[in-house]
1. Return the pairs, sorted by first residue and then second, in which the second residue is part of a loop (DSSP other than H, G, I, E, B) and among the basic types (Lys, Arg), the first residue lies in segment 11-32 and is under 14 Å from residue 61 (Cα atoms), the beta carbons are less than 8 Å apart, and the residues are 6+ apart or on different chains.
2. Please name all residue pairs, on different chains or six or more residues apart, with Cβ atoms under 7 Å, provided the first residue is in segment 72-87 and is touching a residue at least 40 places away in the same chain (Cβ under 8 Å) and the second residue is surrounded by 16 or more Cβ atoms within 10 Å (Cβ to Cβ) and of a type in the set (S, T, N, Q).
3. I need the full set of residues from segment 84-99 which are buried (at least 18 other Cβ atoms within 10 Å of the Cβ) and hydrophobic (A, V, I, L, M, F, W, C), in order please.
4. For residues that are under 22 Å from residue 27 (Cβ atoms), out of contact with any strand residue (DSSP E or B) (no Cβ under 8 Å at 6 or more places or on another chain) and surrounded by fewer than 11 Cβ atoms within 10 Å (Cβ to Cβ), tally how many sit in segment 60-83.
5. What pairs come out if I take residues in segment 102-121 that are more than 22 Å from residue 85 (Cβ to Cβ) and pair them with residues that are of a type in the set (S, T, N, Q) and surrounded by 20 or more Cβ atoms within 10 Å (Cβ to Cβ) whose C-beta lies under 9 Å away, six or more apart or interchain?
6. So, of the residues in segment 18-44 that are surrounded by 13 or more Cβ atoms within 10 Å (Cβ to Cβ) and of a type in the set (Lys, Arg), which turns out to be nearest to residue 86 (Cα to Cα)?
7. Go through segment 27-53 and report how many residues are farther than 20 Å from residue 120 by Cα, of a type in the set (S, T, N, Q) and within 15 Å of the chain's Cα centre (by Cα).
8. Those residues that are surrounded by 12 or more Cβ atoms within 10 Å (Cβ to Cβ) and either among the polar types (S, T, N, Q) or closer than 30 Å to residue 10 by Cα (or both), I need them from segment 45-56; list them, please.
Amino acid sequence: MPDTLAPAASNTERIAELNDRARLGLDRTARTIFTLNLLDSLSDGSRRNDILAQARVMKAMRSCTFSDDSPERDMAWFEVDGIRVMMKIDYYDPAFEYGSEDPANAAETRRAITLMKPEDY
């Protein structure tokens with residue numbers, strides 16, 4: 001994936017923009033993970049309702065806001081169907097084996113978005 005961000009952007013701004021791309025579904029290399037505890041709280045366990053619950057969470061995540069203590073926009077809390085949801089983005093190497101050495105570099109970083117209930121953290 002070519003790095004098309006402005007060269008003057010700080011590392012924090014670059015990471016925030018890359019995190020936004022992943023959160024909005026624009027990063028094909030990012031992975032989204034739902035904890036079972038979260039899905040169990042939002043669905044009756046049927047495949048159809050699990051998919052619908054995931055869609056509701058994804059919609060809420062894509063429009064969530066961030067507090068000042070998350071300048072990289074890598075952690076947020078929001079509600080879905082009255083359930084508090086936590087979103088956390090972690091940074092990995094291209095094989096998802098080790099942590100990324102440079103989260104501001106899209107060519108060598110893969111993002112994992114975990115969606116969970118706060119107690120799952």
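The values are calculated or read from the model by the stated rules, or taken from the named source; none is laboratory data. It should be emphasised that the depicted structure is a prediction, and the values quoted were computed from it without experimental measurement. All Cβ positions, even for glycine, are placed from backbone atoms using ideal geometry, and neighbour counts span all protein chains on display.
1. Listed by first residue and then by second, the contacts come to 19/73; 20/73; 23/73.
2. 72/19; 73/19; 74/19; 83/41
3. 85, 86, 87, 89
4. Counting residues in segment 60-83 that are under 22 Å from residue 27 (Cβ atoms), out of contact with any strand residue (DSSP E or B) (no Cβ under 8 Å at 6 or more places or on another chain) and surrounded by fewer than 11 Cβ atoms within 10 Å (Cβ to Cβ) gives 1.
5. If the second residue must be of a type in the set (S, T, N, Q) and surrounded by 20 or more Cβ atoms within 10 Å (Cβ to Cβ), the pairs left are 102/109; 103/19; 103/109.
6. 23
7. 1
8. Result: 49, 54.
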